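Read through the structure below, which is laid out as structure tokens, and then see the notes.
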Amino acid sequence: MVTSVLVLGGGSAGFLAAITLKIRLPALQVTVLRSPDVGIIGVGEGTTVGVTSHLHGYLGIDPGVFQREAAPIWKLGIRFLWGERPEFYYAFSRHMDARHADLPKPVGFYACEDMVDYGVHAALMARNHAFARDANGFPVVDGTYGYHLENQTFVGWLEKAAGQLGIAITDGTVAHVNRGKQGIAGLALADGRTMTADLHIDASGFRSLLMRQTLGEPFADYAPSLWCDSAVVGGWDRGADEPIQPYTVAETMDAGWCWRIDHEHRINRGYVYCSSFISDDQAEAEFRRKNANVGATRVVRFVSGRVERAWVGNVVAIGNAFGFVEPLEATSLSMICQWARNVAEILHDGDRVVRPSQVSLYNAVHSRTFDAVRWFLSIHYKFNGRLQTPFWRECREKVDYSGAAAVVEFFRENGPSGFSRALLDPTDPFGIEGYLVLLVGQQVPVQSRYVPADSERQIWAGHRAVIRRTADAGVPVAEALPILRSPQWRWDRRRFTN
């Protein structure tokens, strides 16, 4: 029986895992061991709806308290400067795969020619509006948003929440890991202490101290699909004339892409690139040419891929200790939430006795889910025709997108039909909506494009007019902040699924 859990790592992954376990199993003894030698990567963090639903649905954390203390900015989706269109928006709500009762086809068939204002949330993003407005002028908070989080602020909030839950937090540097019959027998610290537990959560980041370094779990490299291996990161303090954008920007660059994540007082930017096609100095120069306000920068190295198994013996790897992909679809924190929740449910349902069938299924599900992220990201590279640089020409020729090929071929033959959802693994975090937005957005050719009748075009124009009016009247972030951070605002918890 698992009575104690030791979480190695005091970043967002470690604290999210600890909090999730403690809330689901209050009697469980949970300890977080953090190293004073390891800092927090403060690059700004984008999330998906999976994080808000986990925090406010599964964990029951009050969204108003979180707004006031963690100071997130709402994220409705991604603005893509990608492909041959000037831009397109990928919202977290269902737009492309939705249907209007008075039209014979799903929205995707009508949005192929023009993706401007094809759905309410996409239209809100295009106007820098975070929410629709109700009849009284207040924001309509429907729960279909993620967050932009300042990482250090977020981790500080998580640490405070963990302490309030009775989670023990201790500082120490691991000098040696003691192996045992079940995997890990104990962590010997530099100060002479040895820490033991029934279950260990490896949230040690890229070091993967327990899973890769100690247990030697093999690593599955995603390099054939995801070529980028470096990022130059910077940012600047927000100017008075810079509106807060309720979305992440993904902008095509010569040898990769650039993100923009907006916080209330700060803008984070980062250029993710492939070092085989551009040097660090060249990447820095290109980054600064397009971001004149950027201050000091630093370079971060990474390898895309995952360990073969997430749970081995009495060790579970979470976050970067399990695997990493570039933040093109902001999957990191949502994956951490899902992994932590699944561990908690296994322990809860099994009365804290871990059985081989549970571990086997956990590993299979998490490998498939992470692989699904790989394949979805691969189509971003395979079909982005925006630039004709050596990097992008070679991506379009050689990127391995084989795990997404069936969906792509169905789209090429049939257009944006949601029926192709049957081709996706049930664990796929993007669903057919994500695929349709990226395939339509990048204008992947369709063999026989649907041509709407004039009557359909008129009906579709009417729907877009309604969408435009709703979006035009929307609530900007700056206006929404004091309203939704006020203790007087009443949140509808039912909006956050759990």
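The values are calculated or read from the model by the stated rules, or taken from the named source; none is laboratory data. The shown structure was predicted, so the numbers you read here are calculated from the model rather than taken from an experiment. Positions of Cβ are backbone-derived with ideal geometry, glycine not excepted, and every protein chain shown enters the neighbour counts. To get the accessible areas, we keep the full protein, side chains included, count just its heavy atoms, and leave off ligands, DNA and RNA. Shrake-Rupley method; radii C 1.70, N 1.55, O 1.52, S 1.80 Å.
Averaging 1/r over each pair of different alpha-carbon atoms in the chain and inverting the result gives 23.7 Å, the Kirkwood hydrodynamic radius. On the beta carbon distance between T153 and K105, with R0 = 51 Å, the FRET formula returns roughly 0.70.
Summed over qualifying helices (DSSP H, 4 residues or more, each -39500 (n - 2.57)) and divided by its residue number, the chain shows a 222 nm mean residue ellipticity of -10000 deg cm²/dmol. Converting phi to 3J(HN,Hα) with the Karplus coefficients 6.51, -1.76 and 1.60 and the offset θ = phi - 60°, the range 296-313 yields 5, 10, 8, 9, 10, 9, 7, 10, 7, x, 8, 6, 4, 10, 8, 10, 10, x Hz in sequence order, with x at every glycine or proline. Going by Cα centres, the range 119-172 and the range 302-350 are how many Å apart? What the calculation gives is 22 Å, centre to centre. So which lysines pass the test for K382, namely a Cα distance under 22 Å, with those fewer than 8 places away in the same chain ruled out? Counting by Cα, and skipping residues close in sequence, K382 has these lysines nearby: K398. Other residues with beta-carbon under 9 Å from the beta-carbon of N363 carry, at +1 per Lys or Arg and -1 per Asp or Glu, a net charge of 0.
Partner aspartates and glutamates whose Cα lies under 16 Å from the Cα of K160, excluding those fewer than 8 positions away in the same chain, are identified as D62, E69, E150, D171.
Applying the criteria of a DSSP loop state and at most 14 other Cβ atoms within 10 Å to the trypsin sites (Lys or Arg not before Pro) of the range 220-275 yields no site.
In terms of packing, defined here as the mean over residues of other Cβ atoms within 10 angstrom, the peptides 80-87, 346-353, 325-332 line up highest first as 325-332, 80-87, 346-353. Packing here is the average count of other Cβ atoms within 10 Å per residue, and on that basis the peptides 168-179, 445-456, 50-61, 219-230, highest first, run 50-61, 219-230, 168-179, 445-456.
Positive contributions from Lys and Arg (+1) and negative ones from Asp and Glu (-1), summed over other residues with Cβ under 15 Å from the Cβ of D117, come out at +3. Just check the range 1-51 against the gyration tensor rule for me: Cα atoms, a ≥ b ≥ c as the square roots of the eigenvalues, rounded for a/c under 1.5, and otherwise prolate or oblate depending on whether a/b exceeds b/c. Verdict is oblate for the range 1-51. Using heavy atoms of the protein chains and a probe of 1.4 Å, the accessible area assigned to H265 is about 130 Å².
L210 sits among other residues whose Cβ lies under 10 Å from its own Cβ, and their net charge, with Lys and Arg +1 and Asp and Glu -1, is 0. Round to a whole number: what % of the accessible area of the range 14-151 belongs to carbon and sulfur, probe 1.4 Å? Result for the range 14-151: 50 percent of the exposed heavy-atom area is carbon or sulfur.
Each residue of the range 53-70 was assigned a 3J(HN,Hα) from its phi angle through the Karplus curve 6.51 cos²θ - 1.76 cosθ + 1.60 (θ = phi - 60°); the sequence is 5, 5, 5, 9, x, 5, 8, x, 6, 4, x, x, 4, 4, 4, 6, 9, 9 Hz, with glycine and proline shown as x. Surface exposure of the range 1-130, expressed per residue as accessible area with a 1.4 Å probe, stands at 32 Å².
3J(HN,Hα) couplings calculated from phi for the range 469-486 with the Karplus curve 6.51 cos²θ - 1.76 cosθ + 1.60 (θ = phi - 60°) are, in sequence order, 4, 5, 5, 4, 8, x, 9, x, 4, 4, 6, 6, 3, x, 6, 7, 8, 6 Hz; Gly and Pro show x.
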